[in-house]
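Heads up: the structure comes next, in structure tokens.
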Amino acid sequence: MFRKYPEMKTLFKLIPSDTKGKKWDATSGEILPETAPLHFLPLEDLVFTEKIDGTNMGIRISDGLVTHIQKREHICSREDNSDKFYFEVGDIISREIENKGISQLRDVIIYGELCGPKIQKGGNYFDDRKFIIFDIFDEKTDRFFTWDAVTHFAKELGLESAPEVIYDKSDLQVENVKEFILAQKSVYNENFGAEGLVIRYRKDTLPHRRWMAKIRKKDFRDN
């Protein structure tokens, strides 16, 4: 069964900044109802990770076996040449998943970012392609794993999870977020500007109305 990864909301409301509706601006600082809880939680209860410039990828495991590899909109096909990078990385990871047989990962979907050369600007991160885990969905409980569980099981599989960053501002006021993001460099390359941030409640597990948001450099008008 295919389960699409939920669309992630932005930290602030985006409003059109051009007449064609192709550029959006978050500098008004208006809070969205869907992501409002993040603005009222203590910063120590939040996790800040770098938003990686790649493409969404999922690995579905059923009864301990990998049943498919997927992209954002559908299951990948070996007959489709455009899916070759998914299988290049996914086949290696699938063997590792099945060989390790971790009981907590018998019926889950592991979501992550496929990135590296020829995938968006991923060549600025690595010389080869990688799968970086950012979420795990448990199909038995119909919930996501907590962030601490995600990082734990990523390590168990010998994989990377989305890199945490230190947010050095006192709050999530739009001026502070903007200043931080415009100066943000990638964890993987100090000479390359990071795409942005993903912010989540550390214990968030609900599949709907998640306490999780993204914010990108391009979401600010003067960038």
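Every read-out reported here was derived from the displayed coordinates using simple, explicitly stated rules and does not represent laboratory data. Small disclaimer: the values here were computed from a predicted structure and weren't measured. Cβ: placed from backbone, ideal geometry, glycine included. Neighbour counts: every protein chain shown.
Worth pointing out:
- Relative contact order (%) - criterion: Cα under 8 Å, at least six apart; region: the range 55-161: 24 percent
- Measuring gaps between exposed loop sites in the chain (trypsin sites (Lys or Arg not before Pro); DSSP loop; at most 10 other Cβ atoms within 10 Å), the longest gap, sites not included, is 23-117.
- Rounded to 5, percent antiparallel among DSSP beta bridges of the chain: 95 percent
- Calculated FRET value between S77 and H39, using beta carbons and R₀ = 41 Å, to 0.05: 0.50
- Rounded to the nearest 500, the 222 nm mean residue ellipticity of the chain from helices alone is -5500 deg cm²/dmol, with -39,500 (n - 2.57) taken per DSSP H run of at least 4 residues.
- A DSSP coil position with no more than 11 other Cβ atoms inside 10 Å describes the following GluC sites (Glu not before Pro) in the range 29-119: E30, E73, E79.
- Fully extending the segment from K23 to I102, taken as 0.36 nm per residue of separation minus the present Cα-Cα distance, adds 24.0 nm.
- Semi-axes of the equivalent ellipsoid for the range 55-161, computed as √(5λ) from the eigenvalues of its C-alpha gyration tensor and ordered from largest down, come to 22, 16, 12 Å.
- Calculated FRET efficiency for the pair H152/Q173, C-beta based, R₀ 35 Å, to 0.05: 0.60
- Sites M8 and E88 - FRET efficiency at Förster radius 30 Å, r taken between beta-carbons, to 0.05: 0.70
- Positive-end ranking of G64, F192, H208 along the dipole of the chain, with charges on Cβ about the Cα centre, is headed by H208.
- Over all other residues within a Cβ to Cβ distance under 14 Å of D63, the charged ones net out to -1, with Lys and Arg as +1 and Asp and Glu as -1.
- Hydrodynamic radius of the chain per Kirkwood, over alpha carbon pairs, in Å: 18.3 Å
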